[in-house]
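K.L.:
The structure under discussion is supplied below as structure tokens; questions concerning it will follow.
The values are calculated or read from the model by the stated rules, or taken from the named source; none is laboratory data. Quick caveat, the model's predicted, so the values are computed rather than measured. Don't worry about glycine lacking a Cβ; one is built from the backbone with ideal geometry, like all the others, and counts go over all protein chains shown. Ligands, DNA and RNA are stripped out before the accessible areas are found, and what is left, the full protein with its side chains, is counted by its heavy atoms. Shrake-Rupley method; radii C 1.70, N 1.55, O 1.52, S 1.80 Å.
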Amino acid sequence: MPVTRTIGYIVGSISSTSINRSLATALEKLAPEGTTLVEIPIKDLGFYSPDQDADYPQVARDFKQAIADVDGVLIITPEYSRSIPGVLKNALDWSARPWGQGSFNEKPVAVIGGSIGGVGTAAAQQHLRAILGHYNALTMGQPEGFIHITPGLITEDGDVTNAGTAEFLTAWLEAFNLHISRSHAALQLV
């Protein structure tokens, strides 16, 4: 019997033409039976400042609650200048505050990203993993997901046209489901 769970996903780009948003749509369609993917949007978050810690804005509270409400979080990141986009870093800063109330503490997380370049966001993902390590996120190590996005790989409807890529993404999502199950079981033993 398949496990029923909800996985949130954050797209690290707010571009209307984001190839990583296309990747998110493909992942939604490929999700294993019983798994629902829901977006945790970041575009309405203002710039983080500690000045707001005492009176956290509602949009930031909603963002943190959306993370709390899911079984695990996928972060689908582009690569800007060999790192993560500023808008994603800003969202992560909101998630980590106020002090002592980090949203990613002991939260199962997986990182993936697509690029038109052959290395498929590898540098950005390494930076993102370092940030998540500081947040004490339970980040899946393998398999890694560096997706080389070629023209026509993902249709407007989110269908993956290359069978090998579709098979990899399906297996990657199944691995994340297993990571979530193992993480939850380990936390119950503590």
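K.L.:
Provide a single number: the residues in segment 101-131 that are among the charged types (D, E, K, R) and surrounded by fewer than 20 Cβ atoms within 10 Å (Cβ to Cβ).
P.N.:
2
K.L.:
Do we find a residue being of a type in the set (Val, Ile, Thr), open to solvent by 10 Å² or more (accessible area, probe 1.4 Å) and either in a helix (DSSP H, G or I) or in contact with a helix residue (DSSP H, G or I) (Cβ under 6 Å, 6 or more places away or on another chain) (or both) anywhere in segment 80-97?
P.N.:
There is at least one residue in segment 80-97 that is of a type in the set (Val, Ile, Thr), open to solvent by 10 Å² or more (accessible area, probe 1.4 Å) and either in a helix (DSSP H, G or I) or in contact with a helix residue (DSSP H, G or I) (Cβ under 6 Å, 6 or more places away or on another chain) (or both).
K.L.:
Turning to a different aspect of this structure: Enumerate the strands (runs of 3 or more DSSP E) found wholly within segment 3-78, keeping only those where 2 or more residues are open to solvent by 40 Å² or more (accessible area, probe 1.4 Å). Before you say what the answer is, go through the steps one by one.
P.N.:
Details: elements: 5-11, 35-39, 72-76.
Result: 35-39.
K.L.:
Within segment 132-176, which residues are of a type in the set (Phe, Trp, Tyr), open to solvent by 50 Å² or more (accessible area, probe 1.4 Å) and closer than 27 Å to residue 92 by Cα?
P.N.:
146
K.L.:
Something else: Among the numbered criteria (1) of a type outside the set (S, T, N, Q); (2) in a helix (DSSP H, G or I); (3) over 14 Å from the mean Cα position of the chain (by Cα), which single criterion is violated by residue 106?
P.N.:
Here residue 106 clears every test but (2).
K.L.:
Considering only segment 177-190, state which residues are within 20 Å of the chain's Cα centre (by Cα) and open to solvent by 50 Å² or more (accessible area, probe 1.4 Å).
P.N.:
Of everything in segment 177-190, those that are within 20 Å of the chain's Cα centre (by Cα) and open to solvent by 50 Å² or more (accessible area, probe 1.4 Å) turn out to be 178, 182, 184.
K.L.:
While we're on this one: For segment 54-65, does any single residue satisfy the condition of being acidic (Asp, Glu), at pLDDT below 95 and over 27 Å from residue 171 (Cβ atoms)?
P.N.:
Checked against the condition, which is being acidic (Asp, Glu), at pLDDT below 95 and over 27 Å from residue 171 (Cβ atoms), segment 54-65 yields at least one hit.
K.L.:
Taking only segment 18-59 into account, find how many residues are more than 18 Å from the chain's Cα centre (by Cα) and farther than 17 Å from residue 6 by Cβ. Can you show your working first?
P.N.:
Residues of segment 18-59 that are more than 18 Å from the chain's Cα centre (by Cα), as a first pass: 33-34, 46-59.
The next check asks that each one be farther than 17 Å from residue 6 by Cβ; those that pass are 46-59.
Total satisfying the criteria: 14.
K.L.:
Could you give me the residue pairs with C-beta distances under 7 Å whose first residue belongs to segment 25-44 and is among the hydroxyl-bearing types (Ser, Thr, Tyr), whose second residue is open to solvent by 30 Å² or more (accessible area, probe 1.4 Å) wherever it lies, and which are 6+ apart or on separate chains?
P.N.:
Hits for this filter: 36/6.
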